[in-house]
Every structure is written in C-alpha cells, then in structure tokens.
Amino acid sequence: MTQRFSDPDEPFRYDAEQQRAFTDKMPWKENPKYFQNVKISALALLKLVMHACAGGKLEVMGILQGKVTPNTFYVMDAFALPVEGTETRVNAGDQANSYMAQYAILSTELERPEQIVGWYHSHPGYGCWMSAIDVATQSLNQALDPYLAIVVDPVRTMSSGRVEIGAFRTYPEGYQPETSQLEYQSVPQAKFEDWGSQAHRYYKLDTTFFQSSTDKRVLTALQRKYWVNTVSTTQFLLNQDYYTKQLVELSQKMQQMSSNQAADGRGKKTAFSTLLKDAQKILSEQSTALATHVFKHALFGFH
C-alpha cells in the first residue's frame, strides 16, 4: 500500500532535538507492541529488493536507515552488508559489525541525519517470517532500541509480481502474548516447525510505502531507461524451478494428510484448510505469471 503525503518530502524532514526527546522517553519499554507501523521510501524498498534478488537462492543482509516517531518507523534508505549467507541462514559477523560502525561514522561526518533503525534480510522462496536465529538476532538488537527487522522474499516477489515483505519486532523475554498475531503463511515443510515454534515471540507491523520528490525523479529516470527490458522479459520461465518446488511441496503435504489416520476431525479440517490456502496461493501466483507470459508473448513474440 502506498501512502501519499500532502508534502512528499515531509517524511524526510529531521528534527534532531525532537528525535532525542522522543527516544529519551522510551515509550516502547512500557508497551511491548508500542510500534505498529512502518513507512518505507520507494528508493529504500527498491534497493533492498534488488539486493535480495541479486542474492538469488542465498540469504543476504543489510541495514536500514531512517527515524522513529510515535508508534512508527520511517525507513529512508537501505544499504547492503558484506555478509556471506547460505540458503538457510545469514548472520552478521565481525566484518559486518565493523562495516556498520564505519558506515555510521561516515554518515555522521557527511551530516546525514538518518540513524540506523533496523536490519533486513531475505528468505528466498519460503516467506516473510522470523526463524529462531532471526528472533535471537532481533532480540539482541532491540536491547539498543528502537530497532526493526524486515524480511523480504525475492523469489515470491518475482513470481507474484508484488513485493513480498514483512516488518517485525520481538517481544521481551518472558512476555506471553494472548494470541499469535502472525498471519498464515505457505511455509515449506522443512521450515514449518521453526515457523510455528517462533510465531509467539514476535509480531508484525503494518507496512506502507511513500515517494519523495527525489524518489519520483529517480524512479522515472530508471523507468525510461529499463522499461523495454522490463516489459519484454517474463518471470514465468525464470521461476520454473520455484513453481515446480511449490507443487512438489503441496503433493507431499497432501500425502502426509492422507496417511495421518490418527488425526481427529478438527485436525483433519485444519490440515485441509491449510492445503486449500496453499493451493489457492499457488494457483493465484502461477495464473498471474502465465497470463503475463501469454500477453508478452503475443506482444513481443518471444519464447
């Protein structure tokens, strides 16, 4: 969802005294769910999504810059960290920590007012949620509040045609939420246990996007330069491995449900409902991708 301001540059106005007064009060210490909203600039979103996509099947990590206001994080910029990730995890080591410290010093010297307000990383093909390692990392970072975690899925972003992104904050140690607020996700079987076991340890913030006047000029320039390449390529062919993997996962879940004779009526109903949601998601993504492919094939004549 894109938010429009009467003055598009309003979010970029920075009052150091106001920021200091707000952070000194630390209202989030009294309310574990104090922060409810995240507003991300278009260029910051573009940078972190491009970084995630460049990582391919490997997880990548970066840092978010911006400011905090009552109940809300503003993300104005994002930069990549020199971190070597795998297909299942990514962690910031000494090199990344040194890089962050140097970046913060140089930003101050260049009189950039934005502070480091969080981190982001990618989950290629398995959704936007927090693993046990992610929760531990975010909990450690939140000791230096305020801090935000963003997860982006580049594979699902490319296959669905919309950005798959989630913004999260963890609960304090020992805090017991009444119910998990994490929305349903189509999670691969290999990740399902980790996803379910951590769902009560964090919550999701509402995410919207905005464009400054500079964002608009840069995006217009990029569109003019790359529009031919954008409209003449198709993700339907590039994401065949992902689509096949989705169908295999769905088949395995169906076989597991079919062989689970011990499940009671409620359990089977829940399992069937989950399978139905997975199937609907796969159908929606692949139908959209196929329709786009057919249209572009008719328009450009590629194969």
Can you name the residue in the stretch 210-230 that is modelled with pLDDT under 75 and among the charged types (D, E, K, R) and, of all such residues, is farthest from Asp9 (Cα to Cα)? Lys225
Are any residues in the stretch 118-153 in a helix (DSSP H, G or I) and either free of Cβ contacts under 8 Å to residues at least 12 places away in the same chain or more than 24 Å from Lys57 (Cβ to Cβ) (or both), and if so, which ones? Ala136, Ser139, Leu140, Asn141, Gln142, Ala143, Leu144
Out of all the residues in the stretch 48-56, is one or more surrounded by 16 or more Cβ atoms within 10 Å (Cβ to Cβ), within 19 Å of Phe210 (Cβ to Cβ) and modelled with pLDDT under 90? no
Within the stretch 119-174, considering residues that are of a type in the set (Val, Ile, Thr) and under 17 Å from Leu45 (Cα atoms), the one farthest from the chain's Cα centre (by Cα): Val155
What about Thr207, is it within 28 Å of Trp129 (Cβ to Cβ) and modelled with pLDDT under 65? no
Evaluate the stretch 161-171: report whether one residue or more is at pLDDT 90 or above, under 14 Å from Leu48 (Cα atoms) and in contact with a Pro (Cβ under 6 Å, 6 or more places away or on another chain). no
Phe272 passes all but one of the listed conditions (1) in contact with a Lys or Arg (Cβ under 8 Å, 6 or more places away or on another chain); (2) at pLDDT below 75; the exception is number (1)
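The values are calculated or read from the model by the stated rules, or taken from the named source; none is laboratory data. Note that this is a predicted model, so its numbers are computed, not measured. Cβ: placed from backbone, ideal geometry, glycine included. Neighbour counts: every protein chain shown.
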